[in-house]
Amino acid sequence: MNWTWDVIFENLPKLLDGALLTLELVLISGLIGVMLSLPLALMRVSKRRWLQAFPFAYIFFFRGTPLLIQIFLVYYGASQFDVIRESALWPILREPYWCAIITFALHTAAYIAELLRGAIQSIPKGEIEAAKALGMSYPLMLRRIILPRAFGIMMPAYGNEVILMLKGSALASTITLLDLTGMARTIIARTYTPLEIFLAAGIIYLIISALIIGLFRMLENHFNRHQQAREKPQDLDAQH
Amino acid sequence: MSLKKALAAATLVAATVSAPFAMAADKVRIATEGAYAPFNFIDESGKLKGFDVDIANALCEKMKADCTIVAQDWDGIIPGLMARKYDAVIASMSITPERSRVVDFSEPYYSNSLIFVAPKSSKFSPKSVDGKVIGAQRATIAGQYLEDNLADKVTVKLYDTQDNAYLDLASGRLDAIVSDQLPAYDWLRSEDGQAFEFKGEKIDIDDKIGIAIRKNDKLREKMNKALQDILADGTYDRINAKYFPFSIY
C-alpha cells in the first residue's frame, strides 16, 4: 500500500468545509432536540396515564428504529406523496439540509427525553419535599429545583448523546449533503485514496469529539457546582 | 540429518503443500454492484442478475474457473479490489485514466454514452442548464462529467445509488439527471420511468466499459482471452440480445 499524503493537504479545505456543515447539523438539531425533549420528558413523568402515552410511543419509535431508516423516510419517503409535494411544507422538505436537521432533532429528542426523565426521577425525594414545604408552586419548583438538578444529573450522559449524534450525522451524506463524511466520499470518488482521506476525516471527527467532551466538562462543573468543595479540603483525616 | 535428506524432506513438504492448489480449478472472486439494472441488480429471490453477471459467468466458463460473484457498494468497489476482497470487478465500470492509475482494465466489453433525463412535462434542455439542479450517482462517469463541465453553472447533487437519483428526479428535487444511456434506456421502459424521457442528444464521451483487475495480475490475460472467445462464438451476442435490441459492444 503506497500512501499519498499530499492528497490530504490538497483536500483539507474541502474537508474542513464538510466539518463545518457537520458541526452545524449537530448544533442546530441538538438545540431543537433539547427544546423538544423538555415537554416530552415532563409528560413522561406525569402521573396522568393519558399524558404518558404519546411520549412513550414517540420514544419507543425513535429509539427502536435506525437513524438511517428515519432519514430515508423523511427524505425519500415523504417526497413520494403528492400531498406533501403540494403542501406548504415542501419548500422545507425538499431541502436535504432541513430533512437532516428535522430527522436528527426528532431522533435526539427521544434520547434526551429519556435521559431527562431518568434524571428527574433520580432527584432525591428530600429536595422536592423541601421545595414543597417552602410552599413553591409546581412551575417555580420546576424552574428553580427540578430542572437545574436534572440537567446536572444528566449532563455526563447527555455529552455521550451529543457525541453519538456527531457520528450519526455522517448519515447526512446519504441524502446528498456534503458533510464531513459526504465530502470525504466525494473526494475519494476522484482520487481513489480511501485510507488517506478517511484517516484525515477520522482525525477531524476526533478533534470535534474532544471539543465536545471539553465543553461538557465545563457544563457539568457549572450545573453541579454546589457539589464541589469551594476550597480544597485539608487535613480531613487529621480530624478523625 | 544430512543435507541430502533435508533437501528431500523439504521437497516433500513443498509438494504436499502446493498439490491441492495446483489441482483445484482456479478460484476467482468477482464483485459487482447489484444496483445498476439491467447490468447488475438483485432480483426478487435475492440473486445477482443482469448483463454483467451473465458476462461474468460466460467468462468464467471459458476460463474454466470456479467463480463466486459478490455484491459490493459502488464507492467502495475499487478500494475492495485493492484490498484483495475479490479479484475482478465486472460492474459496468468505465475505463478512465484516474482509475487506470490504481487498477488494470481488460479490453472493453461494451461502450456507453451519457444522456440527460428529465420529466416529459419539463422544458429542460441540455443547452440551457444555468441555475438548474442536476443529479448523478457519486463516483461515476456521469458524476465526474457534471463536476468537470457544469459545476459552475448548476447545483450538482450526488447520490449513493442510481435508484436514489431516480427517486429524487421523481420527487421534483432535481430538474434533471445525467445518467449512463443504457441503464436509463431500461429505466424509461419500466413503470417508474413512464413520466420521463431523454433530453437532447446523447453525449459521446468515448466511454468504454472494462473489467477491473489488480495491477499486474495475470488474471487480465485470461479475462481478455475469454472475452475474445465469447465474442467469437456468439455467446456475447446472445447475452446482448437478452437486454437490448441493438448491439452495445
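The values are calculated or read from the model by the stated rules, or taken from the named source; none is laboratory data. Note that the coordinates shown come from a computational prediction; the quantities given were computed from them, not determined experimentally. Cβ coordinates were reconstructed from backbone atoms using ideal geometry, including for glycine residues, and neighbour counts include every protein chain displayed. We work out accessible area using only protein heavy atoms, side chains counted, and drop any ligands, DNA or RNA first. Shrake-Rupley method; radii C 1.70, N 1.55, O 1.52, S 1.80 Å.
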Highest mean first, how do A:93-104, B:198-209, A:32-43 rank when packing is the count of other Cβ atoms within 10 Å averaged over residues? A:93-104, A:32-43, B:198-209
Mind checking the dipole of the stretch B:112-205: about its Cα centre, +1 per Lys or Arg Cβ, -1 per Asp or Glu Cβ, Debye to the nearest 20? 320 debye
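Starting from the coordinates of the alpha-carbon atoms of the protein assembly as shown, obtain the Kirkwood hydrodynamic radius over all distinct pairs and give the value in Å to one decimal. Working shown, then result.
On the way: mean 1/r = 0.0373 Å⁻¹.
The answer is 26.8 Å.
Cα-based Rg of the stretch A:6-226 per 2.2 N^0.38 Å, rounded to two decimals? Before the final figure, lay out the partial values.
On the way: Rg = 20.4 Å, N = 221, 2.2 N^0.38 = 17.1 Å.
Against the compact-globule rule of thumb, the ratio is 1.19.
Return the loop-located GluC sites (Glu not before Pro) in the stretch B:28-113 (DSSP other than H, G, I, E, B) with at most 10 other Cβ atoms within 10 Å of their own Cβ; answer none if there are none. If you can, show how the numbers build up before the last one.
On the way: sites: B:Glu33, B:Glu44, B:Glu61, B:Glu98; in loops: B:Glu33, B:Glu44.
Sparse-neighbourhood loop GluC sites (Glu not before Pro): B:Glu44.
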Which whole number gives the average count of other chain Cβ atoms within 10 Å of the Cβ atoms across peptide A:169-177? 3
Using alpha carbons only, how many angstrom separate the centre of the stretch B:125-192 from the centre of the stretch A:165-187? 19 Å
Farthest positive-ward along chain B dipole, Cα basis, beta-carbon charges - from B:Phe105, B:Phe124, B:Ile209: B:Phe105
Once Lys and Arg are counted +1 and Asp and Glu -1 for all other residues with Cβ under 15 Å from that of A:Thr191, the total becomes -1
Using alpha-carbon positions, what is the distance between the centroids of the stretch B:211-238 and the stretch A:114-135, in Å? 74 Å
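Which of the trypsin sites (Lys or Arg not before Pro) found in the stretch B:108-187 are loop residues per DSSP with 10 or fewer other Cβ atoms within 10 Å of their Cβ? Each step should come with its number before you reach the end.
Working: sites: B:Lys120, B:Lys123, B:Lys127, B:Lys132, B:Arg138, B:Lys153, B:Lys157, B:Arg173; in loops: B:Lys120, B:Lys123, B:Lys127, B:Lys132, B:Arg138, B:Lys153, B:Arg173.
Counting only loop positions with at most 10 other Cβ atoms within 10 Å, the trypsin sites (Lys or Arg not before Pro) in the stretch B:108-187 are B:Lys120, B:Lys123, B:Lys127.
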Given labels modelled 7 Å from the Cα in the Cβ direction, how far is it in nm from B:Arg238 to A:Arg48? 7.5 nm
Order the following by accessible area, largest value first: B:Arg220, B:Arg99. Probe radius 1.4 Å; ligands, DNA and RNA are ignored. B:Arg220, B:Arg99
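Suppose we keep just the DSSP beta bridges with both residues in the protein assembly as shown; what percent of those would be antiparallel, to 5? All intermediate terms of the calculation are to be shown ahead of the outcome.
Working: 23 of 38 bridges.
Given both bridge residues lie in the protein assembly as shown, the antiparallel proportion sits at roughly 60 percent.
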With Cα springs under 10 Å, the Gaussian network model of chain A assigns the largest mean-square fluctuation among A:Gly64, A:Gly30, A:Gly118 to A:Gly64
Isolated Cys residues of the protein assembly as shown, judged by Cβ distance under 4.7 Å to other cysteines: A:Cys99
log10 I(q)/I(0), Debye, Cα-only the stretch A:1-113, no solvent, q = 0.16, 0.17 Å⁻¹? -0.86, -0.92
Please state the charge dipole magnitude for the protein assembly as shown, taken about the Cα centre, from unit charges on C-beta atoms (+1 on K and R, -1 on D and E), reported in debye and rounded to the nearest 20. 1600 debye
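Give, rounded to the nearest 20 debye, the magnitude of the charge dipole that chain A has about its Cα centre when Lys and Arg contribute +1 at Cβ and Asp and Glu contribute -1 at Cβ.
Details: 21 positive and 17 negative charges, 215 e Å.
Charge dipole of chain A: 1040 debye, to the nearest 20.
For the stretch B:100-165, what ratio Rg/Rh do Cα atoms give with a Kirkwood hydrodynamic radius?
Values: Rg = 14.1 Å, Rh = 13.7 Å.
Checking Rg against Rh, the ratio lands at 1.03.
Could you list, in their original order, any pairs among B:Lys27/B:Lys47; B:Lys49/B:Lys222; A:Lys14/B:Lys202; B:Lys120/B:Lys208 whose Cα atoms are separated by more than 25 Å? Mind showing how you got there, number by number?
On the way: B:Lys27/B:Lys47 20 Å; B:Lys49/B:Lys222 23 Å; A:Lys14/B:Lys202 32 Å; B:Lys120/B:Lys208 29 Å.
Beyond 25 Å between Cα atoms: A:Lys14/B:Lys202; B:Lys120/B:Lys208.
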